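The values are calculated or read from the model by the stated rules, or taken from the named source; none is laboratory data. Keep in mind the model is a prediction, meaning the values are calculated, not measured. Every residue, glycine among them, receives a Cβ derived from its backbone with ideal geometry; neighbour counts consider all protein chains shown.
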Amino acid sequence: MSAHSILTQRGKAFLATLRLWRATLGLAGRVVVAALSPAVYNSATRTVVMKQIYFTAVQILVPFTLFAALLSFVLIQIVVGTAAEYGLSEYALEMVVRLLVLEVLPLVTALFVALRSGSAINTEVALMRIHNEFEALETNGVDTLRLEIMPRVIGGMLSVLSLTAITSVLALILAYLAVYGPHPWGLADFNRVMGKVFDNAMLASIWLKSLAFGLAVTVIPVAEGLATPKMLFMAPISVLRGMVRLFFVLMLIEMGSLVFKYI
């Protein structure tokens, strides 16, 4: 194969990737605009949102909470033990909170939801496109953005937010017990540290990052599914590409959050 052919193929692939990212950003914008409109929330939309929350968050609540508790316990013991070894015990609680609540748990939650629901959404949308279901719905006057896509995105975002909040509260409880034990005398110092860590800017950062994670784990699989060529063997390839793109975006969001908070 000549160098010209190779460059031509690379150029076409690059342009296709740019078009896909542009379509993803456009889809995200349309979904956000639609989600902010109260008129779209009819009974059918709410039903799909609740189903998405059930399959994404409720079904995995117990096992994921146990996993998050185990992970938090291990990391808390490592941080507290290391801080005590170097004479930094007074900073142990703050380090635990910054490590777990601000960074590790939101990212782990987003990755877990991506693997469980993002891949499923990607597969479902890809098969609907291959079988021309979107065209059939639109021909019958169904707004697929409002009834098929937006509820899945909203359900995924709410699932990421709720799971992150639950695991973060659990991590704070475990951190308190690890540092102070089951005694109330540490509450004053605990509240002081919480006030120091969770100022207005930090709270806004956590919420924005969790919302960005939730948007990414649903919009990217949907966009990848909608871009799937109408050939059945392309469905698993679409899911694989969607998960790679999603991992890349999640890491970018996390790095951007770190830059905002610490640099």
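Odds and ends about this structure:
- Residue in the range 181-194 that is basic (K, R) and either surrounded by fewer than 13 Cβ atoms within 10 Å (Cβ to Cβ) or assigned to a loop (DSSP other than H, G, I, E, B) (or both) present: yes
- Any hit, the range 29-39, residues being touching a Lys or Arg at 6+ places or on another chain (Cβ under 8 Å), closer than 30 Å to T144 by Cβ and crowded, with 16+ Cβ neighbours inside 10 Å: yes
- Residues that are surrounded by 17 or more Cβ atoms within 10 Å (Cβ to Cβ) and modelled with pLDDT of 85 or more occur in the range 132-141; there is at least one.
- Taken over the range 111-133, residues that are basic (K, R) and under 14 Å from the mean Cα position of the chain (by Cα) amount to 1.
- Qualifying residue in the range 199-207 (condition: surrounded by 12 or more Cβ atoms within 10 Å (Cβ to Cβ), charged (D, E, K, R), over 13 Å from the mean Cα position of the chain (by Cα) and on the phi < 0 side of the Ramachandran plot): no
- Inspection of the range 96-105 finds no residue satisfying the criterion of being touching a Lys or Arg at 6+ places or on another chain (Cβ under 8 Å), among the acidic types (D, E) and either surrounded by 13 or more Cβ atoms within 10 Å (Cβ to Cβ) or touching a residue at least 40 places away in the same chain (Cβ under 8 Å) (or both).
- The conditions of being on the phi < 0 side of the Ramachandran plot and in a helix (DSSP H, G or I) are not met by M231.
- Some residue of the range 80-95 being within 21 Å of V197 (Cβ to Cβ) and of a type in the set (D, E, K, R): yes
- Matching residues in the range 231-263 - criterion: being among the small types (G, A, S) and more than 19 Å from N200 (Cα to Cα): A235, S238, G242
- A216 small (G, A, S) and within 30 Å of R98 (Cα to Cα): yes
- In the range 82-100, the residues that are among the aliphatic types (A, V, I, L, M) and over 19 Å from M251 (Cβ atoms): A83, A84, L88, A92, L93, M95, V96, V97
- T218 out of contact with any Leu (no Cβ under 9 Å at 6 or more places or on another chain), buried (at least 21 other Cβ atoms within 10 Å of the Cβ) and of a type in the set (S, T, N, Q): yes
- Note on the range 111-131: among residues that are farther than 17 Å from P63 by Cβ and among the hydrophobic types (A, V, I, L, M, F, W, C), the one that is surrounded by the fewest Cβ atoms within 10 Å (Cβ to Cβ) is L127.
- Being modelled with pLDDT of 90 or more and over 23 Å from R129 (Cβ atoms) holds for only one residue in M243, M251, and it is M251.
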